[in-house]
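Accompanying notes for the structure given below.
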Amino acid sequence: MLWNYYISTIKYIIYILLFLISFNGVAQEFSKEEKRKLDSLSSIVTTQNDDTIKAQAYLSLASLLYRRNIDTLLTLSNEAKLILESILNENPSKKVEHSTKVYLAKALNNIGYYYKRQANIELALKYYYESLSIREEINDLKGASISNINIGIIHHNQYDYIEAKSHYSKALDLQRRMNDKIGMASVSYTHLRA
């Protein structure tokens with residue numbers, strides 16, 4: 001019963017959010033392309049029966065909206081997280097499990113970012129580490145590199161330079177394994193320079 005209340009509350013919040021986005025004063029902040037994407041994603045969220053597609057739509061909406069309202073990142077990413085965890089609890093095929101974990105790791109990373117922005121370092125690290133764990137499990141090198149950088153930034157900002165360097169070095173190693181020269185240069189210059 002509590003679960004149904006939670007789902008209906010989330011849907012209510014999303015409907016209000018989508019209404020506000022379509023309101024002319026708010027909508028002027030979005031380009032025509034962004035408005036088209038928002039309309040399309042809103043339609044998917046409200047009409048789609050496929051949970052994987054719905055979770056992807058929530059994450060895409062979160063990516064579009066969080067710069068204008070950081071709270072949407074938490075709300076939409078949490079909704080995607082709940083859907084994706086539900087899919088994993090159904091013992092899906094290996095292919096579905098892998099893609100579901102890719103999106104779950106992204107949702108967890110988003111939630112970590114939200115808490116980082118709110119200066120809740122403990123929760124930010126919790127979600128970043130959960131995301132990293134999934135990304136390592138599924139051998140998502142690029143995602144694991146991103147997670148290590150995010151964790152490193154938090155440790156750096158907390159003056160824990162040894163732990164920060166450890167995570168930056170792991171990110172650099174992952175970039176090397178992918179032969180991503182731009183990624184290697186970015187990690188080296190931005191995070192590992194003296």
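The values are calculated or read from the model by the stated rules, or taken from the named source; none is laboratory data. Bear in mind that the values here come from a model prediction, so they are computed numbers and not experimental data. Glycine also receives a Cβ, built like all others from the backbone with ideal geometry; neighbour counts cover every protein chain displayed. Accessible surface areas use protein heavy atoms only, side chains included; no ligands, DNA or RNA. Shrake-Rupley method; radii C 1.70, N 1.55, O 1.52, S 1.80 Å.
Based on what the data block shows, is residue 153 modelled with pLDDT of 90 or more, part of a helix (DSSP H, G or I) and within 24 Å of residue 59 (Cβ to Cβ)? Spelling it out, residue 153 is indeed modelled with pLDDT of 90 or more, part of a helix (DSSP H, G or I) and within 24 Å of residue 59 (Cβ to Cβ).
Within the range 168-188, one or more residues are open to solvent by less than 60 Å² (accessible area, probe 1.4 Å), modelled with pLDDT under 90 and among the aromatic types (Phe, Trp, Tyr). Which ones in the range 27-65 are open to solvent by less than 50 Å² (accessible area, probe 1.4 Å) and modelled with pLDDT under 60? Residue satisfying the conditions is 27 alone.
Yes or no, residue by residue, for (1) over 13 Å from the mean Cα position of the chain (by Cα); (2) open to solvent by 50 Å² or more (accessible area, probe 1.4 Å):
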{"residue": "88", "(1), (2)": "yes, no"}
{"residue": "95", "(1), (2)": "yes, yes"}
{"residue": "110", "(1), (2)": "no, no"}
{"residue": "120", "(1), (2)": "yes, yes"}
{"residue": "126", "(1), (2)": "yes, yes"}
{"residue": "130", "(1), (2)": "no, yes"}
{"residue": "133", "(1), (2)": "yes, yes"}
{"residue": "140", "(1), (2)": "yes, no"}
{"residue": "148", "(1), (2)": "yes, no"}
